[in-house]
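The values are calculated or read from the model by the stated rules, or taken from the named source; none is laboratory data. Not measured: the values here are computed from a predicted model. Because the Cβ atoms are built from the backbone with ideal geometry, glycine has one as well, and the counts that use them run over all protein chains shown.
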Amino acid sequence: MQRLAATGLDWSLITVVTLLVILATGVLEHAEDYTNIQQSMVNAALCGMPAYLILNGWLLWTRGQTAGKAAMSLMIVDHQTGNRASFGKLLFVRALIPVVVIAVGLGFPILWLLVLVDFVFIFRKDQRCLHDWVAGTRVVKRVTDQ
Amino acid sequence: MSEPASDGGSSEGLHQVNTFIRVAGTRPSEMRSRTVRLTKRWWYSVGLIVFGGFSAHGGLCETTEPGLKDFYSSGWGIDSANRRYQSPNRTSVSAENIDRLELKWVYQLAQKTPRSYPLVSEDTIFFGDSGRGLVALDRETGCTRWTSPVEGVEISTAISPARMPDGRDVLIFGVRQNGVFAVDATDGTHIWRYHFDEDHPVPMYSGSPLVDGNNVFVPISSMEMGLTIFPWYGCCTTSGAMGALDLSTGAKKWYTPTISDPPKKTGRHWLFVERYGPSGAPVWGAPTLDSKRGLLFFGTGQNYSHPTSATSDAIFAVDTSDGMVRWVMQATANDAYSMGCSFPGHPLCPDPVGPDHDFGAPPILATLRDGRELLFAGQKSGDVHALDPETGAHVWRKRIGRGGLLGGVHFGMAVHPELELVFVPISDRETGQEKRQSAPGLHALEMASGETRWSRIIKSRGCAGCSGGISSGIVASRDLVFFGDLDGRLWALDVSTGETRWQHDTLQKYDVVNGDPAQKDDEGGSYAEGGAFDAHGPMLADDLLIVASGYGNFGQLGGNALLVFQIKSDTPP
C-alpha cells in the first residue's frame, strides 16, 4: 500500500513538473509542433524524462529514493547485495523503461499492457515489479538512524 | 503538397488490397475457399491487418464496377448552389407514397460518429466509412463493390463526382486532418492527395469540397481550435482559408486566407507561453458556386484569440479564377472563442469571450420567381441572412430562437424554389450562454421577406443523451422536407404546413448487410445502432432515402447505422 501511495505521489509530481518542462522548453507551444500528432505526443512523453530527473535526480543519487518513496520511507536497493542501487541502474534501467514504453505506446497502444503487467508483479510474494526484475532491484522500508 | 498516387508505392499497396477485395468478391461460393488460400499468403494477411476491417465487409458484390452515368448530387448541397432541394425528376419520394417508405437495408459503419454524406449513382451508394475508407455499396443489396482505404481517421465531407479531362471518372472528398483525395470512381484507386501544409501548419478539412470544371474548391479550417484546450499552447496563429486545386493533377491553383494580417504577439501567460492574434475565422462549411458572376461564397467561424478580425463570423465572396476577395459581410463582430473556454479559468479562453456564432451552414444561392437572386446564410446565432449576391448587402435578416455554441443553424438549411421557402433547422441545444427563448425545430421562411410561413418545434423526448432540436443538414423535395433530430428520430414534414407525414425512430439495433465480428447480438448476428442525427443529414435519390444515424461528439448519441429506405412498390411482383 505504501508503495502504491509512493507511486501515485511520484506520478502526480512528475505530471506537474513535466507540464513545467513543456512550458519552459516550448516544445509544444506552436502550431508547427502538431503537424505530426503522434510525434507531438511522443515529445510530451519525453518531457517526462527531464521532469523525472529534476524531481528525483538528487534523491536517487544520494539516497536511492524518489520523492514519493522518500515520503513513504521507502528506498530502492540492489536485489543481490541489499546496498543502495547504482544511480545508472536506477535511472537508465529502472526509470527509463516505463517512459520508453509509454512513449512508444502512443504509437502502439497495445504496449501499454506492459505497464499493467509491470504493476501486477507487485502482488508477487517478493513485491518486485517487472522493472525491478529488469534492473535487479527491490524496494525496501528505509530504516532511519532513529 | 500534392502527392500523385499513380506511381507511388502506397498506391500499389492500395491497389493490391482493392484487387484482393475484387478477387474475393467474384463468387460467394468461391469466396471462402479463395480467402483461405489467399490468407496463407503473408502479404495479404498484412494488408488485412494494416487496412483493417476487411472481415467486416461480409457482403462483397459479384459486380465490382459501379455505374457512373447518373449521379443524384454534385456534392454537399445536392447542387453547386447548395439548395439541398431534390427536384421531382430526381426523387420519386413524395407525400403520396411516403407511407410506403420502408427500410431496405442497413450497413454497419466502422465508427459511431459518421460525418460523410452519401453520393448516389444509378446503381451505387458511395459513402465515407471512417476507419475503413471510402466504400462503394450496391444500391439494391448493400453489398460492397470496393473499398478504398485512406490515410487518416475520418472522411469528414460529402463526396463529389467529377470527370477529368482524360475522361476518368473520379470522386473527390476530404479526410479531416489529412487532405483532399481524388480516387478513381471505377475501383477506388488513389489518383492524388493534396494537403495544404505549405500554407497552413495544421489545416483541417471539415467542409466539403466543391468541384466546378477543372477546379476543386477546398474549405480549410484549423486544428488550432482543438489545440486551445492545452494551456501550454501559444494560441493562435492560423487563419481559415479557401483553396483551389487543379482537378487533373491535384496541384494548387490559389489559396486565400480569411485573415490577411499576420498574427502578432499579444501577451504572455504562465511566464513562458506567448499569445498571438488575430487568428481563426475557419471555413468549415461547403462553398457555394455562382457561375454567372464567377463567384464562390462561403462562411467563416469565430476568431480564436484577440484582436478579432473583420472577417470572422462572415460571408465571403471570392473570385473563382484567382481567389480575390470581392466582398465580405461580417454578421457578428468581436467574436473570439476557443475550446479553452470549456474549462473555467483556462488561460486560452479569450477575454472578453465571444458567443461563437460561426457560419457553419453553407450559403444557399436561390432565384425568386421575379428573377431576383438571393444568398441565404444561416448562423449559429439562429440568424438567417438574405444577401444580395452582388454586393453582400442585407435584403433581410431574421433571428430564430436562442442560438449558441452548437446552433442555431448548425450544419445546413434547404430551400424550396417553387414555394419560395427557406427551411431553417434550429438546434438551440442548451449551452447556458443565452437567455433568449429557444425554438428547436424546423422553420419555413418566405424567401422574399423572411416572414415565417410555419414553425414546427421539435422538442426532446427526454431520453438519456437526447437533446432535441435539429443540428444536421436537411433536404427538401417537391412536397416533403426530411431531417433527423438530435434524439435520433427521422422526420418527413409537409413543405406547405409543417405537419408530420412520416417518422422513423432510429434509437434501435438494426440487422446489417455487413458487420464487425466484435459487434454481434445474442444470436450471433451483426447489428448496427442508431443515434443522434448530426452533420450532413439525409439524402434523397430516386426512390431512396439514405441517411447515417449516430453522432457521438458533444455527448450526443453515437451510432453506426447507414440506413437505406425505399418506396415499396404498390404493384405486386
>> With the structure loaded, tell me whether A:Val140 is within 19 Å of A:Ala5 (Cβ to Cβ) and either of a type in the set (A, V, I, L, M) or touching a Ser or Thr at 6+ places or on another chain (Cβ under 8 Å) (or both) or whether it fails that test.
In response: yes
> Just to be sure, is B:Lys252 closer than 16 Å to B:Pro307 by Cβ and either of a type in the set (D, E, K, R) or at the interface with chain A (Cβ under 8 Å from one of its Cβ atoms) (or both)?
Replying inline: no
> If you take the residues of the range B:234-259 that are in contact with a strand residue (DSSP E or B) (Cβ under 8 Å, 6 or more places away or on another chain) and polar (S, T, N, Q), which of them is farthest from B:Phe173 (Cα to Cα)?
Replying inline: B:Thr237
> In the range B:460-514, which residues are closer than 24 Å to B:Pro362 by Cα and among the basic types (Lys, Arg)?
Replying inline: B:Arg478, B:Arg489
> Among the residues of the range B:543-563, which ones are buried (at least 21 other Cβ atoms within 10 Å of the Cβ) and over 15 Å from B:Arg429 (Cα atoms)?
Replying inline: B:Leu544, B:Leu545, B:Ile546, B:Val547, B:Ala548, B:Ser549, B:Gly550, B:Gly559, B:Asn560, B:Ala561, B:Leu562, B:Leu563
>> Please go through (1) assigned to a strand (DSSP E or B); (2) within 13 Å of chain A (Cβ to nearest Cβ); (3) surrounded by fewer than 21 Cβ atoms within 10 Å (Cβ to Cβ) for B:Tyr276 and return the number of the only condition it doesn't satisfy.
In response: (3)
> Which of (1) modelled with pLDDT of 95 or more; (2) in a loop (DSSP other than H, G, I, E, B); (3) surrounded by fewer than 22 Cβ atoms within 10 Å (Cβ to Cβ); (4) not aliphatic (A, V, I, L, M) is the odd one out, the single condition B:Glu430 does not satisfy?
Replying inline: (1)
> For the range B:510-573, which strands (runs of 3 or more DSSP E) that fit wholly inside it have 1 or more residues that are closer than 24 Å to B:Gly77 by Cα and not β-branched (Val, Ile, Thr)?
Replying inline: B:539-541, B:544-549, B:561-567
> Hey, which of the helices (runs of 4 or more DSSP H) in the range A:1-107, taking only ones fully inside, have at least 3 residues that are within 14 Å of another protein chain (Cβ to nearest Cβ) and without any contact (Cβ under 8 Å) to a residue 12 or more places away in the chain?
Replying inline: A:2-25
>> Tell me the residue from B:Gly285, B:Gly267, B:Gly323 that is of a type outside the set (Lys, Arg), out of contact with any helix residue (DSSP H, G or I) (no Cβ under 7 Å at 6 or more places or on another chain) and not in a loop (DSSP other than H, G, I, E, B), please.
In response: B:Gly267
> When the range B:378-415 is examined, which residues are found to be of a type in the set (Gly, Ala, Ser) and closer than 17 Å to B:Ser455 by Cβ?
Replying inline: B:Gly378, B:Gly382, B:Gly401, B:Gly403, B:Gly407, B:Gly408, B:Ala414
> Do we find a residue being crowded, with 24+ Cβ neighbours inside 10 Å, closer than 30 Å to A:Val17 by Cα and out of contact with any Pro (no Cβ under 6 Å at 6 or more places or on another chain) anywhere in the range B:302-317?
Replying inline: yes
> Applying the selection to the range B:102-136, what residues are in contact with a Leu (Cβ under 8 Å, 6 or more places away or on another chain), within 13 Å of B:Ala541 (Cβ to Cβ) and assigned to a strand (DSSP E or B)?
Replying inline: B:Lys104, B:Leu119, B:Val120, B:Thr124, B:Ile125, B:Phe126, B:Phe127
>> Against the conditions (1) within 14 Å of another protein chain (Cβ to nearest Cβ); (2) without any contact (Cβ under 8 Å) to a residue 24 or more places away in the chain; (3) not aromatic (Phe, Trp, Tyr), where does B:Lys264 fall short? Just the number, please.
In response: (1)
>> Restricting to the range B:358-380, name every residue that is more than 15 Å from B:Pro287 (Cα to Cα), under 25 Å from the mean Cα position of the chain (by Cα) and free of Cβ contacts under 8 Å to residues at least 60 places away in the same chain.
In response: B:Thr367, B:Lys380
> Among the candidates B:Ala182, B:Ala162, B:Ala158, which residue alone is more than 14 Å from every other protein chain (Cβ to nearest Cβ), at pLDDT 95 or above and surrounded by fewer than 24 Cβ atoms within 10 Å (Cβ to Cβ)?
Replying inline: B:Ala162
>> It is to be established whether one or more residues within the range B:505-517 are within 28 Å of B:Glu420 (Cα to Cα) and at pLDDT 95 or above.
In response: no
>> Filter the range A:118-127 down to the residues that are surrounded by fewer than 18 Cβ atoms within 10 Å (Cβ to Cβ) and either touching a helix residue (DSSP H, G or I) at 6+ places or on another chain (Cβ under 6 Å) or outside any helix (DSSP H, G or I) (or both) and list them by number.
In response: A:Phe121, A:Arg124, A:Lys125, A:Asp126, A:Gln127
>> Against the condition more than 24 Å from the chain's Cα centre (by Cα) and either modelled with pLDDT of 50 or more or surrounded by 17 or more Cβ atoms within 10 Å (Cβ to Cβ) (or both), how does B:Glu12 come out, does it pass?
In response: no
>> So in the range B:193-240, with the set limited to residues that are within 14 Å of chain A (Cβ to nearest Cβ) and part of a strand (DSSP E or B), which one is surrounded by the most Cβ atoms within 10 Å (Cβ to Cβ)?
In response: B:Ser239
> When you look at B:Glu140, is it outside any strand (DSSP E or B) and either away from chain A (no Cβ under 14 Å) or modelled with pLDDT of 95 or more (or both), yes or no?
Replying inline: yes
> Given the structure, is B:Phe181 in a loop (DSSP other than H, G, I, E, B) and aromatic (Phe, Trp, Tyr)?
Replying inline: no
> Only one of (1) outside any loop (DSSP other than H, G, I, E, B); (2) surrounded by fewer than 24 Cβ atoms within 10 Å (Cβ to Cβ); (3) out of contact with any Pro (no Cβ under 6 Å at 6 or more places or on another chain) is not met by B:Leu245, so which one is it?
Replying inline: (2)
>> Considering only the range B:285-306, I want to know if a residue exists there that is within 23 Å of the chain's Cα centre (by Cα), of a type outside the set (Gly, Ala, Ser) and within 14 Å of another protein chain (Cβ to nearest Cβ).
In response: yes
